[in-house]
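I have placed the structure first, in the form of structure tokens, so that the comments after it can refer back to it.
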Amino acid sequence: MPADLTAIDAILKQVYRGNLVDLLNSDVPVFRSFQKSEKEKWEGKDFIITPLRVGRNEGFGFGRPRGPIAEAQNQVHIDMKVPLRYGWGRINVDAPTIKVAASNRGSYKRVIALEMDGLREDFTDDMNRIMWGDGRGILALVDAAGADSTLLRVDAPGGFTGDNNGARFLQRNMKVAIVDSTGANVLAVRRITEIGNAGTNDGQRVTLNSAVSALQAPDNSLIVRAPNMNITDVADTSYNREPMGMAGHIDDGTYVNNYHEVNRTTYEVARSAVIANVGALSVDVIQQGLDVASQLGKGRISEHWMHHSVRRSYLAIVTANRRYMVTGGASMHDAGFKGNALDEDPSFGGTPIKVDKDAPYGTWFGMDKRYFVNYENSPGEWVDEDGAVLSRIHGQDTFEAVWRWFGNFANEKPNASFRLDGINSNLVVIHVR
């Protein structure tokens, strides 16, 4: 059966909209740990206001009969403002594909499936990275100033200190802006043409489409996404435009001191317990995190999150303390873990230990899910206010469709969760995308 543009629009709306929304839950694991908020409305179209309790009611106490009772007081709250963040994905369908659709709808489905599957992977992969960042959108830092060469050395993937796998979040054909270390000025815009071998000691090299000088790429300048090669303003990059990720939600001000307009230096409730420079992982230091979160925010940790390398450090502790028992017959010792620790989560004290490929290296997140909220303005939809998903490209015999997600995330009680930093682990460096 042939498919005209109206039928193609219907396929995109009916088949792929829900599919992409569902994939955020299936392909971005930590996304499922955030509760969707139904209780707040977006104010002024650009932020959510939610109360943060910062002071207790001290209007109580014991005394003598017929004596004065405590003066009445009330809870003290301030506004936490969660800013709206805007994300888009685009596909392009050329004239030959449209012609194929006009005569063979099945052929169209195969071609469009390739485009949609690619968009799915690209969008969910980038969203997965974002879920572990701190909202700044930093992909890496320049590790050594440019030397009028197309080769550039990078480190600190995601903006987190470390030389390992510096190009972890960079991809071939990605357009990037090099921004000065203050985040004020765009110094250069380039396209990445090649990713070097993953490095473990001296950062990692990438190849750019044209050379950069020391002024265009100074040491420790920021590498962020650019929408095209012509931008000159930082406001047009992804710097400080991405949703807030776990490194900001569970933090003491190390990465994000002004958390959704709440100063973590001023308000302790917004500060998570962070134990730095852990070194060798131990049961005691994990329990310290649990104990402090319990005392500070009455936290009940429901999930532990980390990179696979950190989980291996934990599994090594478990292995060292394992006892094998035989009830009779031949011994059948299994040195591994049930489901290879991939199909089934191991646990600490009964709380599941979960992994994510984009989680920062050397970091353990103890998460009290009760306070993690997904504030969605648009949960995933095609841009079709004019009635059509596909739009004609001016001056070209092609059509494009734009998919969007608007929203942000928040932790409404940061001091109920904890984080361990600087954990020693045996890192296997690979470039995964």
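The values are calculated or read from the model by the stated rules, or taken from the named source; none is laboratory data. Note that the coordinates shown come from a computational prediction; the quantities given were computed from them, not determined experimentally. All Cβ positions, glycine included, derive from the backbone under ideal geometry; neighbour counts span all protein chains shown. Each accessible area value is taken on the protein alone, full model and side chains, heavy atoms only, with ligands, DNA and RNA left out. Shrake-Rupley method; radii C 1.70, N 1.55, O 1.52, S 1.80 Å.
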Residues within region 219-239 that are closer than 17 Å to Ala156 by Cβ and open to solvent by 50 Å² or more (accessible area, probe 1.4 Å), tallied: 3
Failed item in (1) in a helix (DSSP H, G or I); (2) in contact with a Lys or Arg (Cβ under 9 Å, 6 or more places away or on another chain); (3) more than 14 Å from Pro352 (Cβ to Cβ), with Gly299 passing the rest: (1)
Hits in region 139-161 (condition: in a strand (DSSP E or B) and of a type in the set (Val, Ile, Thr)): Val142, Thr150, Val154
Pairs with Cβ under 6 Å, 6+ apart, first in region 240-255 and of a type in the set (Ser, Thr, Tyr), second assigned to a loop (DSSP other than H, G, I, E, B): Tyr255/Asp134
Residue match in region 40-52 (condition: modelled with pLDDT under 70 and under 25 Å from Asp126 (Cα atoms)): yes
Ser238 over 22 Å from Ile49 (Cβ atoms), among the polar types (S, T, N, Q), in contact with a Gly (Cβ under 9 Å, 6 or more places away or on another chain) and in a helix (DSSP H, G or I): no
Region 361-393: number of residues that are in contact with a strand residue (DSSP E or B) (Cβ under 8 Å, 6 or more places away or on another chain), in contact (Cβ under 8 Å) with a residue 12 or more places away in the chain and farther than 21 Å from His260 by Cα: 10
Region 371-424: number of residues that are buried (at least 16 other Cβ atoms within 10 Å of the Cβ), at pLDDT 85 or above and either under 17 Å from Val269 (Cα atoms) or of a type in the set (Gly, Ala, Ser) (or both): 14
Some residue of region 164-178 being in a helix (DSSP H, G or I) and open to solvent by less than 50 Å² (accessible area, probe 1.4 Å): no
Region 181-204 residues that are closer than 21 Å to Ala235 by Cα, paired with ones that are aromatic (Phe, Trp, Tyr) and modelled with pLDDT of 85 or more (beta carbon under 7 Å, 6 or more apart): Gly183/Tyr239
Set Glu385, Glu376, Glu412, Glu381: member being more than 29 Å from Leu139 (Cβ to Cβ) and among the acidic types (Asp, Glu): Glu385
Residues satisfying the stated conditions in region 270-309, i.e. polar (S, T, N, Q) and buried (at least 19 other Cβ atoms within 10 Å of the Cβ): Ser272, Ser309
